[in-house]
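The values are calculated or read from the model by the stated rules, or taken from the named source; none is laboratory data. Worth saying up front: this structure is predicted, and the values here are computed from it rather than measured. For neighbour counting, all protein chains shown are included, and Cβ atoms are generated from backbone atoms with ideal geometry for every residue, glycine included.
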């Protein structure tokens, strides 16, 4: 149950700028940057004995794409 709560919290923080509060969804804006927020989350996860097995930098991945390959 704690893992489920932690995963839900991580998703809420990660996608809070993309969703609006609806049907009981609570959105909390972090006063920190995205990187700082995820660093804090990773620290808390590790303190609780869990393993963070991946952090994906989507901006870096998108920057590597040729502009012609991205279609609207």
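So residue 13 ticks every box in (1) in contact with a helix residue (DSSP H, G or I) (Cβ under 6 Å, 6 or more places away or on another chain); (2) at pLDDT 75 or above but one. Which box is left unticked?
So the condition that residue 13 fails would be (2).
Scan the range 29-43 for residues that are without any contact (Cβ under 8 Å) to a residue 24 or more places away in the chain and either surrounded by 10 or more Cβ atoms within 10 Å (Cβ to Cβ) or touching a helix residue (DSSP H, G or I) at 6+ places or on another chain (Cβ under 6 Å) (or both) and jot them down. Even if it seems obvious, please write down each step before you answer.
As a first pass, look at the range 29-43 and keep what is without any contact (Cβ under 8 Å) to a residue 24 or more places away in the chain: 29-36, 39-40, 42-43.
If the condition is that a residue be without any contact (Cβ under 8 Å) to a residue 24 or more places away in the chain and either surrounded by 10 or more Cβ atoms within 10 Å (Cβ to Cβ) or touching a helix residue (DSSP H, G or I) at 6+ places or on another chain (Cβ under 6 Å) (or both), then 30, 32, 34, 35, 36, 39, 40, 42, 43 are the ones that fit.
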